[in-house]
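Visitor: This is the structure I want to talk about, given as structure tokens.
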Ligand code: 13P
């Protein structure tokens with residue numbers, strides 16, 4: 001099965017010039033027969049340039065968020081928000097939803113995230129849903145971490161069964177333990193594997209869904225193989241290492257070699 005690698009640029013870089021340069025440098029990625037799905041998630045202001053530029057390449061594009069409403073006649077009164085329809089119109093393939101930084105700094109709740117997931121899927125925008133436990137929960141042990149993630153998934157995917165079509169390609173889960181994000185200390189790959197297997201079981205049992213599940217948190221070219229060598233780990237969501245084009249390309253190269 002194709003591995004997936006997502007570059008979450010977060011709030012980087014600081015100019016359109018640098019964003020274009022970073023994206024252009026990714027175009028030289030050697031993706032042997034497109035064995036890996038490479039996705040770039042730039043900030044909204046750069047999104048049109050990147051998404052329209054990626055149209056004729058193997059690279060796909062994701063937004064870092066999306067709102068739960070679409071403009072309608074006399075509607076659209078949601079200052080500052082971006083709708084699923086607008087993103088589809090720009091050939092954006094995926095929307096990252098529920099990233100822990102948005103939960104923390106913007107105060108996104110599971111209820112808001114659930115509305116966003118449903119709105120995106122309804123519009124045919126694929127979803128990368130982020131879940132993961134904070135350090136104080138992980139300290140209580142594996143069972144507590146699993147319960148935390150289960151609770152997030154139940155709330156974030158509430159009523160998803162009612163959606164007409166949720167194919168296995170439409171929903172991707174990214175397991176990102178909060179304590180591993182931006183710390184340089186990734187989860188142990190066996191712990192990530194255990195959680196990812198658990199998430200897959202839950203999705204199969206509760207939603208009859210076979211979604212891809214990725215790992216995220218301090219992934220770099222040195223540790224990527226520890227994660228993706230496991231069949232059950234379908235790829236990685238990369239933050240810091242994705243804004244260094246050499247490092248990101250090395251990550252893709254390593255996965256390519258593994259696939260050969
Ligand atoms: P880092 O790779 O910088 O730890 O960030 C992970 C992340 O939050 C990706 O969404």
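Values in this text are rule-based calculations from the coordinates and carry no lab data. Fair warning: this is a prediction, and the values are worked out from it, not measured in the lab. Methodologically, a virtual Cβ is constructed for each residue, glycine included, from the backbone with ideal geometry; neighbour enumeration extends over all protein chains shown.
Visitor: Got the relative contact order for the stretch 16-163 handy, in percent, Cα pairs under 8 Å and 6 or more residues apart?
Guide: Working: 186 pairs, mean separation 27.1, N = 148.
That works out to 18 percent.
Visitor: Also, quick follow-up: Contact order normalised by length for the chain, with contacts defined as Cα pairs under 8 Å and 6 or more residues apart; what percent is it? Don't skip to the answer; put the middle values down first.
Guide: On the way: 472 pairs, mean separation 52.9, N = 260.
In percent, rounded to a whole number, it is 20.
Visitor: May I ask you to derive the relative contact order of the stretch 205-249, considering only C-alpha pairs under 8 Å and at least 6 residues apart, and to give it as an integer percent? Write down the numbers at each step before the final one.
Guide: Working: 47 pairs, mean separation 18.4, N = 45.
The value is 41 percent.
Visitor: Further question on the same structure: Report the calculated FRET efficiency for residue 183 and residue 122 (r = Cβ-Cβ distance, R0 = 25 Å), to the nearest 0.05.
Guide: Numbers: r = 36 Å, r/R0 = 1.43.
Computed FRET efficiency for residue 183 and residue 122: 0.10.
Visitor: Follow-up question, since we're still on this one. Using a basic spin-label model with each label point 7 Å from the Cα along Cα→Cβ, how many nm lie between residue 81 and residue 135?
Guide: 3.4 nm
Visitor: While we're on this one: I want to check the label-to-label distance for residue 88 and residue 17. Put each point 7 Å from Cα in the C-beta direction and report it in nm to one decimal.
Guide: 3.8 nm
Visitor: At a Förster distance of 30 Å, what's the computed FRET efficiency of residue 72 paired with residue 169, Cβ-Cβ distance as r, to 0.05?
Guide: Efficiency computed from Cβ-Cβ geometry: 0.60.
Visitor: Let me ask you something else. Please express the shape of the stretch 204-260 as an equivalent ellipsoid: the semi-axes are the square roots of 5 times the eigenvalues of the C-alpha gyration tensor, given largest first in whole angstrom. Walk me through the numbers on the way to the answer.
Guide: Details: eigenvalues 113, 36, 14 Å².
Over the Cα atoms of the stretch 204-260, the ellipsoid semi-axes are 24, 13, 8 Å.
Visitor: Still on this structure, I have one more. Over the alpha-carbon set of the chain, divide Rg by the Kirkwood Rh and report the Rg/Rh ratio to two decimals.
Guide: Checking Rg against Rh, the ratio lands at 0.94.
Visitor: Still on this structure, I have one more. For a paramagnetic label modelled at 7 Å from the Cα of residue 27 toward its Cβ, which residues of the stretch 45-67 fall within the zone defined by backbone nitrogen distances under 15 Å?
Guide: 49-60
Visitor: Give me the Kirkwood hydrodynamic radius of the stretch 42-176 in Å, from all C-alpha pairs, to one decimal place? Mind dumping the intermediate values first?
Guide: Details: mean 1/r = 0.0636 Å⁻¹.
Its Kirkwood hydrodynamic radius stands at 15.7 Å.
Visitor: Which length gain, in nm to one decimal place, applies between residue 254 and residue 225 when the Cα-Cα distance is subtracted from 0.36 nm times their residue separation?
Guide: Numbers: separation 29, 0.36 × 29 = 10.44 nm, distance 0.71 nm.
Extending this stretch completely gives an extra 9.7 nm.
Visitor: Oh, and also: Going by how many other Cβ atoms sit within 10 Å of their own, how do 105, 94 line up, fewest first? If you can, show how the numbers build up before the last one.
Guide: Numbers: 105 9, 94 23.
Ascending Cβ contact count within 10 Å gives the list 105, 94.
Visitor: Just the number, please: percent antiparallel of the DSSP beta bridges in the chain, rounded to the nearest 5. If you can, show how the numbers build up before the last one.
Guide: Working: 0 of 29 bridges.
Given both bridge residues lie in the chain, the antiparallel proportion sits at roughly 0 percent.
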